[in-house]
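The values are calculated or read from the model by the stated rules, or taken from the named source; none is laboratory data. Everything numeric here is computed off the predicted structure, so don't read it as measured data. Cβ placement follows ideal geometry from the backbone for every residue including glycine, while neighbour counts extend to all protein chains displayed. These area figures cover heavy atoms from the full protein model, side chains too; ligands, DNA and RNA do not enter into them. Shrake-Rupley method; radii C 1.70, N 1.55, O 1.52, S 1.80 Å.
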Amino acid sequence: MKKIITLLLTITVAASLFVVFTASAEETPITLTFNGSPVACDVPPQIVDDRTLVPMRAALEALGASILWDESTSTVHAQGPDGTVVSLQIGSDKLFVPGDVITLDVPARIIGDRTMVPIRAIAESLYCEVHWVPENREVAIYKY
């Protein structure tokens, strides 16, 4: 009986610790950096269906891109510093890049009045590298 109680107590404590550590990791905000410098986001990056969504304007302006919002079609166009233009429509899983259409795992969406986009596909289409740094919950974008 003593062994059963000890075992149940051990399982309960272990499960409680798991919940505490999991909740703590989820509460740590996600940060966004470009070439090592923090990028300010008025709506914090979020993970949706295992993809990190970030505010498009903040992220792409940090990359040197200009942003154009077409309200009539709910479409965002971003022009990179080299002239590359990418476009995507809110709610669509299609990213239009020169000569190609990329299917996104998660569509762009509006969260807190901001266009939130899966940053990896968009940044890579503008010739950047994107890294997820799990210990810091950081999306690190580099342009060389």
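Among the GluC sites (Glu not before Pro) within segment 54-144, those in coil by DSSP and having at most 12 neighbouring Cβ atoms inside 10 Å are Glu71, Glu135.
At a Förster distance of 25 Å, what's the computed FRET efficiency of Val85 paired with Asn136, Cβ-Cβ distance as r, to 0.05?
E between Val85 and Asn136, to the nearest 0.05, is 0.20.
Surface composition of segment 44-117: carbon plus sulfur atoms contribute 47% of the solvent-accessible area (1.4 Å probe, protein chains only, all chains present). Note on Arg114: accessible area approximately 90 square angstrom, rounded to 10, probe 1.4 Å, nucleic acids and ligands left out.
Can you work out the PRE-style zone for Ser37? Point 7 Å along Cα to Cβ, and I want the residues of segment 58-73 with backbone N under 18 Å. Counting only backbone N, you get 58-67.
With every protein chain in place and a 1.4 angstrom probe, the accessible-area ranking of Ile119, Ile47, Ile111, largest first, reads Ile47, Ile111, Ile119. Extension gain for Ser66 to Thr103 (0.36 nm times residue separation, less C-alpha to C-alpha distance): 11.1 nm.
Can you tell me the dipole magnitude for segment 48-144 around its Cα centre, using point charges on the Cβ only (Lys, Arg +1; Asp, Glu -1), in Debye to the nearest 20? Present the calculation step by step, with values, prior to reporting the outcome.
Working: 8 positive and 14 negative charges, 23 e Å.
Using only the charged Cβ atoms, the result is roughly 120 debye.
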